[in-house]
């Protein structure tokens, strides 16, 4: 991308992050989910109040990607203890979200956000970065594989009342 910048978000960006997250999530997953379950999930996960809480969470960092001054996607890194038992003594960080709006997919936004997050994880002296990806999201799985992520486990991710399987992927830094 010719003019791609990444900035660290703060609480004042909650509305923007809500809009980007909701749009990207709907573009990617709405067609593949039960409408009632999908609505229940997005009504909880993509509110300004929830994004504010996520921004204020200890160990949570959001980055917004801009293409030619327009918000194109975002990523969230966070400390989490969910998989610590699988990597005793290791310093972990979770890539909790990496979203690019449809019109920017294939134009370097995701790659730039991923590289930025990998640099940040290394700067924090993390040894492993991990993430969850829906078992049916083959495009994202291929994207992560290209960055050297590999499957180590899975867990249930609830979309409304629909239990879905997320593969857990890791990359040693």
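Coordinate-derived values only; no laboratory data. Here the structure is a predicted model, which means the values were calculated and not measured. Note that each Cβ is placed from the backbone with ideal geometry, even for glycine, and that neighbours are counted across all protein chains shown.
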Under the rule rounded for a/c under 1.5, else prolate if a/b exceeds b/c, else oblate, using alpha carbon gyration tensor axes a ≥ b ≥ c, the range 93-157 is classed as oblate
Place a point 7 Å from the Cα of residue 152 in the direction of its beta carbon; the residues of the range 73-93 whose amide N falls under 20 Å from it are 76-93
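Could you tell me whether the chain comes out rounded, prolate or oblate from its Cα gyration tensor? Rule is a ≥ b ≥ c as square roots of the eigenvalues, rounded for a/c under 1.5, then prolate if a/b exceeds b/c, otherwise oblate. Display every interim value, and only then the final one.
Working: a/c = 1.32, a/b = 1.06, b/c = 1.24.
Since a/c stays below 1.5, the shape of the chain is classed as rounded.
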Whole-Å distance linking the alpha carbon centroid of the range 119-162 with that of the range 47-63 is 19 Å
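Find the relative contact order for the chain and round it to a whole percent, using C-alpha pairs within less than 8 Å whose residues are 6+ positions apart.
Working: 280 pairs, mean separation 37.3, N = 173.
Relative contact order for the chain comes out at 22 percent.
Nearest 500 deg cm²/dmol is fine: what mean residue ellipticity at 222 nm does the chain get from its DSSP H runs of n ≥ 4 alone, each adding -39,500 (n - 2.57), divided by its residue count?
Taken over the chain, the calculation gives -11000 deg cm²/dmol.
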